[in-house]
Amino acid sequence: MILVTGATGHVGGELVRRLAASGEPVRAMTRRPREARFPAGVEPVYGDAADPASLAAAFAGASAAFLMSAQPVGTAPAPTHDLALAEAAREAGVRRLVKLSVLDGGGTGGDGDGDRYGGGDGDGGSDNDGDPIVRWHAAAEAAIVDRFPAWTLLRPGRFMSNALQWAPQLRAGDEVAIPFADRPAASIDPADLAEIAALALTTDEHAGLTYELSGPESLTPAEELSLLGHALSRDLRVRPVPPEAARAGMERYGFPPDVVDAILHHTLDDDRGTEVLPTVAKVLGRPARTFTQWAGAHTEAFRPGDR
């Protein structure tokens with residue numbers, strides 16, 4: 001049995017569908033199993049990383065698991081959700097784990113027991129010891145690497161699916177307010193991440209490896225919006241959001257000041273995430289999907305009147 005946490009998310013949902021289509025036994029963990037819609041044969045199960053007592057049943061009998069957490073950085077002294085998931089997997093005797101992390105996730109697995117694919121600068125985080133984002137994800141990765149012999153770390157940068165945040169504005173009109181609209185990144189399609197995760201969950205070839213991942217081109221959000229406009233046959237426009245307004249929005253969301261500072265530093269002063277990495281093509285034997293392909297597959301999410 002393969003357990004997929006975050007099973008209704010962009011990566012988790014793609015992974016559940018891929019595993020089910022290949023005939024793998026899949027259990028999909030979600031906080032709302034009665035509302036979720038999964039392919040036939042998938043077992044929905046309640047589980048919430050904020051409620052560790054709920055995790056024992058979710059992990060029971062699983063031999064492999066995909067772990068991810070949406071807990072915002074800095075909202076607790078440590079990544080408590082990741083730590084709870086790792087502990088539940090350990091207690092259940094899960095043998096093979098795939099962890100969805102982030103680019104510059106902290107360096108675990110890149111300089112000692114495992115190999116890194118796709119770039120980086122040695123240990124992945126030694127120059128960022130004061131960075132709260134790096135510390136957070138390093139602790140989350142260490143919970144996996146230090147406890148399990150067969151692990152794979154996936155470290156993507158920006159997701160193409162971040163563009164879905166524009167959908168409410170595009171249902172109402174052709175203008176989108178976008179912070180940092182001119183900051184490029186090599187965004188990745190969650191479907192590519194799911195395909196790699198499926199391989200790592202069902203074979204031994206990826207154990208002990210850290211994959212730094214990107215899409216096939218570096219684009220700004222403004223350029224992505226233009227490509228989305230082509231897919232929708234609409235003339236879309238960017239309304240820039242000043243950095244001060246972006247900072248205020250993150251503070252209202254609940255990010256601590258040091259985390260906001262780190263996000264702004266990574267965004268405004270650091271070019272990490274702009275590099276096109278060869279990892280997807282090396283692992284999958286085909287080019288990574290482009291933003292144009294992603295946009296063409298998701299046009300209905302942006303149509304007026306859709307929900």
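The values are calculated or read from the model by the stated rules, or taken from the named source; none is laboratory data. Given the structure is predicted, the values throughout are model-derived calculations rather than measurements. Here Cβ is always computed from backbone atoms with ideal geometry, including for glycine, and neighbour counts include all displayed protein chains. In case anyone asks, the SASA skips ligands and DNA or RNA and just uses the protein heavy atoms, side chains included. Shrake-Rupley method; radii C 1.70, N 1.55, O 1.52, S 1.80 Å.
Structure data summary
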{"quantity": "Hey, Ser214 among the polar types (S, T, N, Q) and more than 30 Å from Gly23 (Cα to Cα) or not", "calculated": "no"}
{"quantity": "Those residues of region 132-176 which are open to solvent by less than 20 Å² (accessible area, probe 1.4 Å) and among the basic types (Lys, Arg), in sequence order", "calculated": "Arg155"}
{"quantity": "Qualifying residue in region 74-81 (condition: in contact with a helix residue (DSSP H, G or I) (Cβ under 8 Å, 6 or more places away or on another chain), closer than 30 Å to Val259 by Cα and outside any loop (DSSP other than H, G, I, E, B))", "calculated": "no"}
{"quantity": "Unique match (being open to solvent by less than 10 Å² (accessible area, probe 1.4 Å), under 19 Å from Leu153 (Cα atoms) and at pLDDT 95 or above) among Ala64, Ala84", "calculated": "Ala64"}
{"quantity": "Which listed residue is at pLDDT 95 or above, within 30 Å of Ala20 (Cα to Cα) and among the aliphatic types (A, V, I, L, M), from Val280, Val276, Val238", "calculated": "Val280"}
{"quantity": "Close pairs (9 angstrom Cβ cut-off, 6 or more residues apart or separate chains): more than 18 Å from Trp166 (Cβ to Cβ) in region 241-261, open to solvent by less than 70 Å² (accessible area, probe 1.4 Å) and of a type in the set (S, T, N, Q) anywhere", "calculated": "Pro243/Thr267"}
{"quantity": "Residues that are among the acidic types (Asp, Glu), loosely packed, with under 15 Cβ neighbours inside 10 Å and not in a strand (DSSP E or B), drawn from region 1-53", "calculated": "Glu35, Asp51"}
{"quantity": "First in region 166-193 and assigned to a helix (DSSP H, G or I), second anywhere and surrounded by 14 or more Cβ atoms within 10 Å (Cβ to Cβ) and of a type in the set (Ser, Thr, Tyr), Cβ under 7 Å, 6 or more apart", "calculated": "Pro190/Ser161"}
{"quantity": "Ala245, sole failed condition from (1) under 30 Å from Leu153 (Cβ atoms); (2) surrounded by fewer than 20 Cβ atoms within 10 Å (Cβ to Cβ)", "calculated": "(1)"}
